[in-house]
Each structure stands twice: as structure tokens, then as C-alpha cells.
1. Among the residues of segment A:143-156, is there at least one that is aromatic (F, W, Y), assigned to a loop (DSSP other than H, G, I, E, B), open to solvent by less than 60 Å² (accessible area, probe 1.4 Å) and more than 16 Å from ligand 1 (Cβ to nearest atom)?
2. Take the residues in segment A:45-63 that are near ligand 1 (Cβ under 6 Å from one of its atoms) and farther than 18 Å from A:V228 by Cβ, then tell me which one is farthest from the other protein chains (Cβ to nearest Cβ).
3. What are the pairs with Cβ atoms under 7 angstrom where one residue, in segment A:204-216, is within 16 Å of ligand 1 (Cβ to nearest atom) and the other, located anywhere, is of a type in the set (F, W, Y)? Sequence gap at least six, or different chains.
4. Within the bounds of segment A:146-158, is there any residue that is acidic (D, E) and within 16 Å of ligand 2 (Cβ to nearest atom)?
5. Could you please find all residues in segment B:73-93 being in contact (Cβ under 8 Å) with a residue 12 or more places away in the chain and among the polar types (S, T, N, Q)?
6. What is the one condition in (1) touching a Lys or Arg at 6+ places or on another chain (Cβ under 6 Å); (2) within 14 Å of another protein chain (Cβ to nearest Cβ) that A:V67 does not satisfy?
7. Report every pair of residues separated by at least 6 positions or lying on different chains whose Cβ atoms are under 6 Å apart, first residue within segment B:190-216 and of a type in the set (S, T, Y), second open to solvent by 20 Å² or more (accessible area, probe 1.4 Å).
Amino acid sequence: MSENLIEVKDLRTYFFIDGGVVKAVDGVSFNVERGKTLGIVGESGCGKSITSLSIMQLLESPPGKIVGGEIIYNGENLLNKTKEEMRHIRGNKIAMIFQEPMTSLNPVFTVGQQIVEALLIHEEGITKEKAKERAIEMLKLVKIPLPEKRFNEYPHQLSGGMRQRVMIAMALSCNPELLICDEPTTALDVTIQAQILELINELKEKTGASVMMITHDLGVIAEIADDVMVMYAGKVVEQADTDSIFEKPLHPYTIGLMNCIPKLTEEVEELSVIKGMVPSYDDMPKGCAFCPRCDYAKKICEEEMPELIELEGRKVRCHMYSEKWKEEN
Amino acid sequence: MFSYILKRLGQTILVLIGISLVTFILLQVVPGDPVQLMLEKRADPQTIAAVRHELGLDLPLTTQYFNFLKNALHFDFGVSYFSKEPVTAVLLRCFKVTLKLTCLSFIFAVVVGITCGIIAAIKRGTAIDSALMTLAMFGVSAPSFWIAIILQIIFGIKLNILPISGFDTPVAFILPSIALGARYAGDIARITRTSMLDVVKQDYIRTARAKGVKENLIIMKHALKNAMIPIITLVGTELGCMLTGSMLIERVFSVPGIGKLAVDAMTSRDLPLLEGTVVYIAFVFVMVNLIVDISYALFDPRIRYGKGNSK
Ligand SMILES: Nc1ncnc2c1ncn2[C@@H]1O[C@H](COP(=O)(O)OP(=O)(O)OP(=O)(O)O)[C@@H](O)[C@H]1O
Ligand SMILES: [Mg+2]
């Protein structure tokens, strides 16, 4: 049985700023199945964080506003919940880990106080002693050495990797059903990255939680995700399960991302990159947003935004796979 | 921490000696002879010389200073030239009055200032924010004696609900406290707002929200504790200013505190009294700074542990 824990339908999150409207997330739909990991990839600025902050309803508002769509969690639309109801979901049912472990913990409270706080908020009737016990257990679970001692330490006494472990311990302390990880390893060095990913994977197995893993690193996706969603300029450009996407990426942008992964087996003269930059909100092309950087682009790409079309059980937003394209050739 | 405090106290003594020396020299340089003032220019040279001798003013300057220093070590600053009262007793009497006034103004300034600052920060960009900040600006820029007089007119004369002078009843302190505290409240409100706005942008506030912490706890616990350092710095300096007395406010409300004492000692060239007052003022500032530094450590573990490790 594959049941969806969360279904995001046509989510639109815009930022209303002086110069106009930034469509940071523009009609994004996806599902996260129970116990599965969804990877979201895309370049910086494509709307990954805003997607996850929209689910948590942690947008900076104003200027950010969810202007459309639904977020169905356990059959209920989160966008219809009151602030207080959302507060009970955040940190309890849906938890989040952020990109910057160095600044994501409050410097003036001990690690222990910060984990205990989450427990005291969400676990009804838990005593302080019990919460402390649980917090130390959580620190043990995320493999922090000397958890009893660390419990009383302040964030500045810990390394980046340790702090991210604390964040994970805190996020998982109330047994959430969904764990959103927003680039949890980007700020860490490579060996620590691998350890943290392994830890998330392991804990996911243990707790049965679903994971939304946001990253711009396809290597991370290969490591951890069951399904992948590729985003570009606020829109989904490709959705598929991890195996098929690595086997045969369809969208030119995904192909470009794949080529950017250095391969150990090949002798490469230089790392390939996707030329050009993500267009800014005030000069979005009329047609496909990726068109100016695309090697395959034709006239139609400049003029018309392609639909997200279904193809062999996956989805891709590219004219190349449309009937029109085939007719033209 | 303890050895740090001891070290700071040691520095305090050096600072006080330095300040007393500078005052001593300045008083020699500034024109105006206390003896002449005392005898109102009617005395003959013999009497003047006799009085100078009596007061020890005929001794060499270095001897005068060392005598002063020696006595000061026993908290003896001599007697006032005019009232013949021991300086320490006068200081103590005025200090009690100033302390009462300070406590009330300080509480007023801190409570009103921090509350307004927090509210303005939460309501950033709204009419409430603008109204509070305009009020704060007004508090900071309006001269305190002017606020004092306005308050006297409104509450003392028009409404006739509060006394406009004196210091014998507790209610008499209400108007002077507000008048004295207004500008400090304004300052505190402004720095609280700035500091809070800076803190609420931080990642750890987002983490707290992601954890499901109640909004008012986010502000009062997670944000405020981080915003305290700049607020403490300001509050400390202001506490020092209040404790050393406000010449204007004390004058307007006829409250005999340190401020009034300093002015009187100055105009009458009452050297022992003036020396005592200056040393007292310096002492207050140094102590307040020490307290401020210690309270940084209370609020910020990074400072607390940094000090702990380096000793
Ligand atoms: N406060 C804001 N005001 C205006 N625009 C914003 C704001 N926050 C985000 N955006 C816009 O939303 C878009 C998506 O941002 P988002 O943070 O989701 O990117 P991202 O995919 O997470 O990138 P990264 O990999 O750098 O974290 C960006 O182009 C950005 O310009
Ligand atoms: Mg991001």
C-alpha cells in the first residue's frame, strides 16, 4: 500500500515586493508517500526552500504569501488551519532541519534546554525529568558522544556537524511523520556530509518517517531519495522515481545537472557546467524558463511555456516530448 | 569570574585616584578662592591667612593632595568649609534622596522603554510602531526640565493630583521620576526595537517557530534574551547618569540630591565637598560598568565561557 502522507497541489507562493511580484513557487504539485523520501533538486533560487517553508507556514509575510493551491496532510488542507493548529503540527507532526547549523540553534540556551523545549510543547503531560531523559536519549540516537555532558553545553561549544546532529535530534524528538531537510549538509565538509546523510537515512528507517530532502546535489539524491522532483525557476520541470531519472533524465535541465556530476570513471578535461544563469523574476522569458540556456531549444520554446506532461509514468515539462515537436520534425 | 571581579576592583581604585588627582589640580587652576568667598571680601589679609592656615590651604599642594588621599582611604573627605558637616555625611544624605529618585526613574525607564520597544518591533511598520517611535523621539529630544515643567503644570496645577515639589511623601517622587526617566525610556525603547528587529531575523528564531514555540514565548524568551546585550550597555550607562543626580530635575522639583549638591559645592568652591562628590560620581560609574560587564555574562554564555577559559 502506498499511501500519500502529504499531497501538495498547485502550490503558488509569491513575494510581493516593490519592483513587482516574485513567483518563487508557481504551481508546484507533488506527493510524499508514507515512509518514503522525496528529493527536491534545483539550482539556488529555484524555490526549494520557499516550497518547504510554505508547507510549514513559516514564510516571512509580508512580502511572502501563499496565493493558491492546497497542502493536504492526512486528508486535511493545512492552508485552512488556524495559526494555533499549525503551531501544534510544527515540530510535532512535521519537523524541519535547516541549512545553516551554525546559526540555527539559539546561542543563549543549552542544547538540552532546546530539545526539552520541543518535548514540553508537544508531549502532553510529560514531566521535566522525563523530557530530559528523552532528550539525552535523542542525543544518543544521533550519535553524539557524551550526551549527558553535551546536554548542558551551549551551541557555540559544538562543531557544525555536532550542531546539525542536535538539530536532527530536536526535529525527531516528537516523532514527526514528515521530516523536511533543507540542504542539511550543504554547510558541512564532505566527510561530515556523508555521516549526516547516513544518519538521516538510518533514523528514517527506524522511525518510519517520511523525508523531504532538499538539495542542489544529485549525489545526495542518489544516496537517499526514492522519488525526485526537479525544480527550475519556481516550477517543476521533471518528476520521476530516482532509478529512472538517473537511468534516463528527460528534461534538458536534468540532463545538464547529471553532466555536472564529476564521474570517476571518465577522464574529463574540465567539469561541464550548465551555461548561463537562472533568469531573474523581472525578465522571465515568455516561453520555457530554461529556454535561454537550453541546447535543444527551438522557436516554440521561446514562445510557449510547455505543460507538465505525463510520459511513461513520469512527468516532464518540455516541448521535446510533446506531439507538436514530433510533428515539426 | 571571581578573579575577574577582583581585577576589576583593583582597576577601580586606580581610576578613582586618577580622577581625584585631576579634580584636585583643576580646582587649583580654576579661579575663585573659597576663603574669599567665605569671608565675603570684607576680611583683612591676616584673617584670610589665618583661615587658610586653619583649612590647610597654606600647605604645599603635594602635601595637601597626599593628606586628602590618606584620609580618603578611610572614607574621610574632610568637612564642608561652610556647614562644617563631614562630607561623607552630606554625601550619604543626598545619595539617599538621589537613590530613591533613581530607582523610580530607572524602573519607569526600563519597564516603559523595553515594553514600548518590543511592541514597536512586533508591530513594525504599522501606525503603532510610528506612534511609539515618535513618542520615544520626543522623550529623547525634549529637555528634561521642560518635560518637568509641563508635568508640573498638568498634574500639579491643572489637575492638582500630584505635588510639584519636595521629597517627603512617596507620591512627590512620581513627577520627578517621570521627568527624569522620559529621555532614558525613549533611548531604551529605540535600542530595544532595533535590537529586537535584528534578532527576530536570525535563523534560530525560525528554528523556534519550526518547533512550534508560542509566538509570545518566541519574543519574550528566544528573542529578548538575545537582544539584551545592547540594551544592557545602554541601561548601565543611564543608571550611572541617574545615580550621579540630575541638576536640572532636582532643581525644578527642589529635591536635595547629589545633583544639587554638586552645583552648590561648585558655586561656593567648597573644595572638600566637591572632591567628595566627584570621587563619588566616578565611583558610581566604575561600579555600574562592572555590573554591566558581569550581567553580559549572565545573558550570553559565549561571554561567560570565554572569560572562564581565559583565567
Ligand atoms: N523575502 C523574500 N523577498 C523576495 N523574494 C524572495 C524572498 N525570499 C525568497 N525570495 C525569492 O524566492 C525565490 C526562491 O527562493 P528559495 O529560497 O526557495 O530558493 P532555494 O531553491 O531554496 O535556493 P537555495 O539553494 O539558495 O537555498 C528566489 O528567487 C528569491 O528571489
Ligand atoms: Mg534554500
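1. Let us first name the residues in segment A:143-156 that are aromatic (F, W, Y), namely A:151, A:154.
Then drop every residue that is not assigned to a loop (DSSP other than H, G, I, E, B), which leaves A:154.
Still in the list and also open to solvent by less than 60 Å² (accessible area, probe 1.4 Å): A:154.
If we keep only those that are more than 16 Å from ligand 1 (Cβ to nearest atom) too, we end up with A:154.
Checked segment A:143-156: at least one residue is aromatic (F, W, Y), assigned to a loop (DSSP other than H, G, I, E, B), open to solvent by less than 60 Å² (accessible area, probe 1.4 Å) and more than 16 Å from ligand 1 (Cβ to nearest atom).
2. Taking segment A:45-63 and keeping what is near ligand 1 (Cβ under 6 Å from one of its atoms), we get A:45-50, A:60, A:63.
Cutting the leftovers down to farther than 18 Å from A:V228 by Cβ gives us A:45, A:50, A:60, A:63.
Values: A:G45: 18, A:I50: 13, A:E60: 9, A:P63: 12 Å.
The qualifying residue farthest from the other protein chains (Cβ to nearest Cβ) is A:G45.
3. Listed by first residue and then by second, the contacts come to nothing, as the list is empty.
4. In the first step, residues of segment A:146-158 are kept if they are acidic (D, E); the result is A:148, A:153.
So of that shortlist, the ones also within 16 Å of ligand 2 (Cβ to nearest atom) come out as none.
Taking every residue of segment A:146-158 in turn, none turns out to be acidic (D, E) and within 16 Å of ligand 2 (Cβ to nearest atom).
5. B:S80, B:T88
6. Every condition holds for A:V67 apart from (2).
7. Listed pairs, sorted by first residue: B:T192/B:I114; B:S195/B:P230.
So that you can scan it fast, the table gives a plain yes or no per residue for (1) under 21 Å from A:T51 (Cβ atoms); (2) at pLDDT 90 or above:
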| position | (1), (2) |
| --- | --- |
| A:I192 | no, no |
| A:H216 | yes, no |
| A:V220 | yes, no |
| A:K235 | yes, yes |
| A:E238 | yes, yes |
| A:D243 | no, yes |
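The values are calculated or read from the model by the stated rules, or taken from the named source; none is laboratory data. Quantities reported herein were computed from a predicted structural model and do not represent experimental measurements. Reconstructed Cβ throughout: ideal geometry from the backbone, glycine too, with neighbour counts over all protein chains shown. The area values use the complete protein model at the heavy-atom level, side chains included, leaving out ligands, DNA and RNA. Shrake-Rupley method; radii C 1.70, N 1.55, O 1.52, S 1.80 Å.
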